[in-house]
Structures are given as structure tokens and as C-alpha cells.
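Written out below as C-alpha cells is the structure these notes cover.
The values are calculated or read from the model by the stated rules, or taken from the named source; none is laboratory data. Computed from a predicted structure; not experimentally measured. Here the Cβ positions follow ideal geometry from the backbone for every residue, glycine too, while neighbour counts run over all protein chains shown.
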Amino acid sequence: MCYSAQIQADYRKYVRMFGAQMSIEEFARLFFDRVEGNKAKIPKGIEDAFANPQSDGEREIKALIDRFNAEQTSKLEQDLFKQRKRLADAERSLEAKVTKAATEGQRIATDKIAWTRGKLDDIQRTEPKARDSRIFPGHYAPVLVMENGQRVIKPMRYQCRIAGKPASYDVKYPGTYNARRDNLEGFWKPLFGFSHGILVVNSFYENVSKAKMEGREIAEGEKDENVVLEFQPNPAHDMLVACLWSRWSAPDEPDLLSFAAITDEPPPEIAAAGHDRCIVPVKPENIDAWLNPDASDLARVHAILDDRDRPYYEHRLAA
């Protein structure tokens, strides 16, 4: 399962890489819905791509981002004031008498102050950091699709809700950010051969057993640990990850664009590191064939997945 990935978040680079158009309407709708209360998780890297708008549409999006950040800043500053007061009250209580309640209040307030300051710093920060472009399930990312014969970039949620399924599927099937290749003609049948996309990724992260990573059996009485590994292609390059996507609609609900990354059996170096799945990068020469699938010839679609980009995946413990 590709539970997290370092993506290319700047839509302008998609435009240059693929000669694609940006769906300005979909980006604007996403940012508008967030201002209106939608809990959309949008990486800072996507926001930063609109820092210097070049068109009226981009200026509209920049205004929506600024409005949302101003509202968030106000809420965070209010929370910061409350926690500082809570901390001061706890410290006064501790001066008089050490109690469990005051000690716990001091700890919680200190942690929340640090967290809130970090959030405020991120809103105000202009220097990019790697974490700005890292996605987790539920986060949005730019996805390349084909629309009316034109390559188009649309923002989509990384957890796919297939059109026609109830919204409760997000909870019932929490792993739907990945589409297992051995289930493409089962659960994913409504999308496979019909709605294909590409996500640009330069590294991905997996949860693995520490014992498996070390290539050993768990000792009697030992409790296994979970570790997070970062996998990077060698030679380093952007990988064009095969995805399935869907537009979900329902009465009185905003449309949802969402996607899942296809995963397959792991190559030897990933299996040796303790993980049992791997993303499937499409070769650049197969982009159009992948984005224009023929549902009547799934063998040809599978052949594209077989003829994949195959780098060697180096791994390290994630920071």
C-alpha cells in the first residue's frame, strides 16, 4: 500500500512536462468549497503554485487561498491566546501546590502552544519544504487525465470514491487510496479501462515490520515495531504513477473528484525491505495509451502496466 507519497504539487510543471491544460474551474471550485467549510486537505505545495498568479482565474484562486489562510490565522491566534492563559493558570496553581490536574494542564497547554505556533509559521512561511508536497490518504493532488482529446490537470482526493457508491464507502473501505492490480476487474471494474490518470511522484513511503525489514524472525516475547520507509528510484526521477479516478455526484452534495494509485507485487528490493506492494509507474511513451484506455481490450491495458518503468528502489528510514 502506498500510504504516502512525495508528489509534484506545482501544476505548472505538469503543464510543461505534458503539454497539459489546467482545469482552472476544478481548482477554483476546490478552494471555494474549502472556504465554505469543506474539510478538503490541500498540501501547501499546491497553494504555493498560485503565489504569483498570471491570469484572472489564478488571481481568483489566490484570493480564495488568502481568505482561507486569514480565517485560519484568526482561529489559531484565538486558540493560542486560550492556551497561553491555560498555561499561565496551570503554572500559578503549581506554584501554590503540585497537583496532577495542574501538571497535566501545563503539559497539554505547552504542547498545543507549540503545535499552534507551528501551524501559524507554516501559513506565513514562503520558503518551500519537502513536507509541503507530501500527500496522505484524504489529501488532494494534481492528477493528469485525458478530456476531449486534451491532457488536463485536475485536483483530486487521494482516496477514491467510485461514482454511484455511498459516501459511507470512505469509512467502510478506508484502503481505497490504492487499487490492487489483482482486483482491477473486480472492485475497480467501473473505472479500469475507462477512467485512468497519472500522478507524478518522486518517492513514496510505506509502513513495514521492523523485524521483516531486518530480515529476521520475531523473538519469543518480543513485540514487533512498525517503521516507515521512504523508497526512492535510482536513478532519481519523477515517476508517472498509474491511477484510476472517478467523479462522484449526489443530490445536495458537492462533486468529488478522487483517485487511487494502482499497486502490484513488489520487486525484490522492496520485498526484501519488508513490504508486499509497489506502485506501478507508466513509461513516458505509454502516457496517451494509458489515458485513453479501451475497455473492450483490457489485455492491451494490462500490457501497459506490465511494460512499466522499472527503476531500482533504494530505501531509508523516513525522517
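See the values below:
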read-out	value
Hits in the stretch 146-179 - residues which are aromatic (Phe, Trp, Tyr) and surrounded by fewer than 21 Cβ atoms within 10 Å (Cβ to Cβ)	Tyr169, Tyr173
Residues (of a type in the set (S, T, N, Q) and at pLDDT below 95) located in the stretch 53-77	Gln54, Ser55
Listing of helices (runs of 4 or more DSSP H) fully contained in the stretch 1-108 that carry 2 or more residues being aliphatic (A, V, I, L, M) and more than 30 Å from Val280 (Cβ to Cβ)	24-35, 56-96
Subset of the stretch 124-136 (residues that are assigned to a helix (DSSP H, G or I) and either under 16 Å from the mean Cα position of the chain (by Cα) or surrounded by 15 or more Cβ atoms within 10 Å (Cβ to Cβ) (or both))	Ala130, Arg131, Asp132, Ser133
One residue from Thr99, Thr110 being over 30 Å from Cys243 (Cα atoms), modelled with pLDDT of 95 or more and polar (S, T, N, Q)	Thr110
Test for Glu230: is it assigned to a helix (DSSP H, G or I) and acidic (Asp, Glu)	no
Residue within the stretch 300-317 that is out of contact with any Cys (no Cβ under 9 Å at 6 or more places or on another chain), buried (at least 19 other Cβ atoms within 10 Å of the Cβ) and either among the polar types (S, T, N, Q) or more than 21 Å from Ser195 (Cβ to Cβ) (or both) present	yes
Residue list for the stretch 289-299, restricted to those being surrounded by 11 or more Cβ atoms within 10 Å (Cβ to Cβ), out of contact with any helix residue (DSSP H, G or I) (no Cβ under 8 Å at 6 or more places or on another chain) and in a helix (DSSP H, G or I)	Leu291, Leu298
Search result, residues across the stretch 17-72 that are acidic (Asp, Glu) and either more than 22 Å from Val152 (Cβ to Cβ) or free of Cβ contacts under 8 Å to residues at least 40 places away in the same chain (or both)	Glu25, Glu36, Glu47, Asp56, Glu58, Glu60, Asp66, Glu71
Single match in Ile108, Ile123 (criterion: closer than 28 Å to Ile46 by Cβ and free of Cβ contacts under 8 Å to residues at least 60 places away in the same chain)	Ile123
Residue among Ala250, Ala271, Ala236 that is without any contact (Cβ under 8 Å) to a residue 12 or more places away in the chain and surrounded by fewer than 21 Cβ atoms within 10 Å (Cβ to Cβ)	Ala271
Criterion: touching a residue at least 60 places away in the same chain (Cβ under 8 Å), farther than 22 Å from Leu256 by Cα and either out of contact with any Lys or Arg (no Cβ under 8 Å at 6 or more places or on another chain) or in a helix (DSSP H, G or I) (or both) - qualifying residue of Lys223, Lys212	Lys212
First in the stretch 294-319 and more than 16 Å from Leu240 (Cα to Cα), second anywhere and in a helix (DSSP H, G or I), Cβ under 8 Å, 6 or more apart	Asp294/Arg300; Asp294/Val301; Arg300/Ala289; Glu314/Glu269; His315/Glu269; His315/Ile270
